[in-house]
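The values are calculated or read from the model by the stated rules, or taken from the named source; none is laboratory data. Computed from a predicted structure; not experimentally measured. FYI the Cβ positions are ideal-geometry reconstructions off the backbone, even for glycines, and counts take in every protein chain you see. What goes into the accessible areas is simple: the full protein's heavy atoms, side chains included, and nothing from ligands, DNA or RNA. Shrake-Rupley method; radii C 1.70, N 1.55, O 1.52, S 1.80 Å.
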Amino acid sequence: MQRGKNVLGGELQSCSTDPMTGWFRDGCCSTGPGDLGMHVICCRVTKDFLEFSKETGNDLTTPVPEFKFPGLKPGDQWCVCAGRWKEAYDHGRACGVVLAATHMSALEFASLEELEEYAVDEVDTE
């Protein structure tokens with residue numbers, strides 16, 4: 001499977017394999033048919049972002065084994081829905097973004113400048 005391009009124009013890098021993330025659960029924030037949430041922003045989640053997500057209807061901390069979802073804790077990297085990240089950004093509660101592991105389709109929701117404000121330097125895949 002071709003991963004696609006990241007927001008910097010390079011090859012999309014892996015986001016996380018522990019926990020295993022991605023719409024396809026391959027560690028990568030690529031997207032495809034059926035991914036209505038556009039899980040394309042590689043985030044390093046924070047307590048504040050996780051609280052915001054829960055407050056707005058998406059609890060990312062509680063495990064959901066049937067969807068191979070382990071539940072997240074601060075510091076985990078996860079492919080987050082682009083719209084949710086932008087909503088958190090607009091409310092001053094966005095979390096870190098790994099640009100090299102964020103799919104270029106994220107630019108349909110947030111500008112590169114917005115993403116760069118929260119950029120973290122390295123990909124921490126484990």
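The table that follows gives values for the structure above.
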| read-out | value |
| --- | --- |
| Single condition Glu122 does not satisfy, out of (1) out of contact with any Ser or Thr (no Cβ under 7 Å at 6 or more places or on another chain); (2) at pLDDT 95 or above; (3) in a loop (DSSP other than H, G, I, E, B); (4) not aromatic (Phe, Trp, Tyr) | (2) |
| Ala106, sole failed condition from (1) open to solvent by less than 60 Å² (accessible area, probe 1.4 Å); (2) part of a helix (DSSP H, G or I); (3) over 21 Å from Arg3 (Cβ atoms) | (3) |
| Filter result (part of a helix (DSSP H, G or I) and either of a type in the set (Gly, Ala, Ser) or touching a Cys at 6+ places or on another chain (Cβ under 9 Å) (or both)) within the range 53-63 | Ser53 |
| Where a residue in the range 43-71 is touching a residue at least 24 places away in the same chain (Cβ under 8 Å) and its partner, wherever it lies, is open to solvent by less than 70 Å² (accessible area, probe 1.4 Å) and hydroxyl-bearing (Ser, Thr, Tyr), with Cβ under 6 Å and at least six apart | Leu50/Thr61 |
| Lone unmet requirement of (1) in a loop (DSSP other than H, G, I, E, B); (2) open to solvent by 10 Å² or more (accessible area, probe 1.4 Å) for Glu66 | (1) |
| Of all residues making up the range 5-30, the number that are farther than 22 Å from Glu113 by Cβ and either assigned to a loop (DSSP other than H, G, I, E, B) or among the aromatic types (Phe, Trp, Tyr) (or both) | 13 |
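Residue-wise test of (1) of a type in the set (A, V, I, L, M); (2) within 11 Å of Val80 (Cα to Cα).
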site	(1), (2)
Thr17	no, no
Met20	yes, no
Phe24	no, no
Arg44	no, yes
Glu55	no, no
